[in-house]
Amino acid sequence: MTYQMKWDTCDPKTAYVLHLADDALILGQRLAEWCGHGPILEQDIALTNISLDLIGLARQYYQYAAELMGEGCSENDLAYHRDSRAFMNHLICEQPNGHWGDTLARQFYFDTFHFFQLEALAQSSDERLRHIAAKAIKETSYHAQYSAEWIIRLGDGTEESHAKIAQSLRHFAPFAHEFFVAAEVDRAASEAGFGPKVSDLSSSWVEKVDAILQLATLDPVDLGFPKKGGKAGLHSEHHGYLLAEMQSLARAYPDASW
Amino acid sequence: MVDNEALERALESVMDPEVPVLSVMDLGLVRAIYQVKEVIHVDVAPTYTGCPAMDVIHERIKASLEPFGETIIHSVIDPPWTTDWMTEAGKKKLEAYGIAPPVGKASDKRTLWAPSPNVRCPRCKSERTDLVSLFGSTACKSLYQCQDCNEPFDYFKCF
């Protein structure tokens, strides 16, 4: 490892690609925690499948970011050798799994956003981002279908499941609000044309989310006051623990390989 | 220069590690084979973004072309691989192996929450089947069950 990190000089495009990568990696890592702990085998497999898709997507973005950084930077440097403050994922991605309903509420909000984000990125001025998005949107529509079905099942299920999923959805709504509040990284991307204006994504998101919530006999979403800061590198305390577990091997044994 | 047809024939024996009846040619993963100054270049499309089998597939392609000379593999994502690239022969092999092949065309799959297709049971050919889980034993498959013969089976997602 000879590469020296220089985040403060990272150009807007590299920063934006890292932001996209960080979302996918951090949520992928969270979902991977369910491996071996799912309520039944099929659901365990489903969440780890989604995790795998997200980590695969993160690799596509990190490889691109590494190329943009140059000077021998690799995808592993970016995933395993950055500290919490350098990560630009949305806060919702790092929130703990909680119970099954918490995980699915978080996933439902994210997947629905991710779908519309990728739809917009398929029109990016950046060719590489267009290609990555065109591929990932297919996987993401499966994720979104899966998490929406669970919201309907839990909301329109028993009194207890209804109350629990309603509580989970309320808990994550202010975190979902962060999707639509532009940070510096979003503003630079939309001004240059390689990323969407995030506030433009909110109406499609609310419409789709509310349609599912109605089927689930749940109240429409109330985004509330946004819990934000993730895209500027200001994370909740959960982020450090997640990184500690994810990065420990790579940091203890640099250049370790399978 | 090696005859490209010979290279293609060699690649027909490179099987997918997760679906060992399908070759990389049946799957439509090989986008181009070309030679520059005695070096063989193969453009390979990844199936799923995070498919863990891709590394093995790349190694196997390299090994199968080793007798012909040095080989370099390029991973290409444009245009993205879809199940439309799978050959008809490949779909037949898949069904004979016990995995229901993808139904319909992938081109219209960018819509959210599209209804599930009618998947035919690869065992008894009944169309009365139920989706058990959207996600199956590998990233590319869903889990179904036949209402007539009761057999659970994998469905290769149309993707």
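The values are calculated or read from the model by the stated rules, or taken from the named source; none is laboratory data. All figures in this text were calculated on a predicted structure; none of them were measured in a lab. Don't worry about glycine lacking a Cβ; one is built from the backbone with ideal geometry, like all the others, and counts go over all protein chains shown. Remember, those area values only see protein heavy atoms, side chains included, never the ligands or the DNA or RNA. Shrake-Rupley method; radii C 1.70, N 1.55, O 1.52, S 1.80 Å.
For segment A:68-100, residues that are over 22 Å from A:D53 (Cβ atoms) and in contact with a Lys or Arg (Cβ under 9 Å, 6 or more places away or on another chain) total 5. Of the listed requirements (1) open to solvent by less than 20 Å² (accessible area, probe 1.4 Å); (2) farther than 18 Å from A:W100 by Cβ, A:A148 misses just one: (2).
Filtering segment A:125-161 to residues that are at the interface with another protein chain (Cβ under 7 Å from one of its Cβ atoms), touching an Asp or Glu at 6+ places or on another chain (Cβ under 7 Å) and closer than 16 Å to B:A139 by Cα leaves A:I137, A:E139, A:A144. Hey, any hits in segment A:56-66 for a residue that's at positive phi and either surrounded by fewer than 20 Cβ atoms within 10 Å (Cβ to Cβ) or over 17 Å from the mean Cα position of the chain (by Cα) (or both)? So far as segment A:56-66 goes, no, none of its residues is at positive phi and either surrounded by fewer than 20 Cβ atoms within 10 Å (Cβ to Cβ) or over 17 Å from the mean Cα position of the chain (by Cα) (or both).
For segment B:62-109, the set of residues classified as over 24 Å from A:Q63 (Cβ atoms), within 14 Å of another protein chain (Cβ to nearest Cβ) and open to solvent by 60 Å² or more (accessible area, probe 1.4 Å) consists of B:K105, B:S107, B:D108, listed by residue number.
Tell me the residue from A:S161, A:S168, A:S84, A:S124 that is touching a Phe, Trp or Tyr at 6+ places or on another chain (Cβ under 8 Å) and in contact (Cβ under 8 Å) with a residue 12 or more places away in the chain, please. Only one candidate passes the filter, namely A:S124.
Of A:E75, A:E94, all but one fail to be under 22 Å from A:A15 (Cβ atoms), open to solvent by less than 10 Å² (accessible area, probe 1.4 Å) and charged (D, E, K, R); the exception is A:E94. Restricting the search to helices (runs of 4 or more DSSP H) fully inside segment A:144-217 and requiring at least 1 residues that are among the aromatic types (F, W, Y) and under 12 Å from A:L104 (Cα atoms) gives A:159-177.
Pick out the one residue from A:Q117, A:Q107 that is buried (at least 24 other Cβ atoms within 10 Å of the Cβ), within 16 Å of the chain's Cα centre (by Cα), at pLDDT 95 or above and more than 8 Å from chain B (Cβ to nearest Cβ). Give the steps one after another, and end with the answer.
Values: A:Q117 fails: buried (at least 24 other Cβ atoms within 10 Å of the Cβ).
When all the criteria are applied, what remains is A:Q107.
Within segment A:198-220, can you find the residues that are open to solvent by less than 30 Å² (accessible area, probe 1.4 Å) and of a type outside the set (G, A, S)? Result: A:V198, A:L201, A:W205, A:V209, A:I212, A:L213, A:L218. Just wondering, is there one or more residues in segment B:23-38 that are in a loop (DSSP other than H, G, I, E, B), touching a Cys at 6+ places or on another chain (Cβ under 8 Å) and under 30 Å from A:E119 (Cβ atoms)? There is no residue in segment B:23-38 that is in a loop (DSSP other than H, G, I, E, B), touching a Cys at 6+ places or on another chain (Cβ under 8 Å) and under 30 Å from A:E119 (Cβ atoms). Taking segment A:184-197 as the range and being in contact with a Lys or Arg (Cβ under 6 Å, 6 or more places away or on another chain) and open to solvent by 20 Å² or more (accessible area, probe 1.4 Å) as the test, only A:S190 passes.
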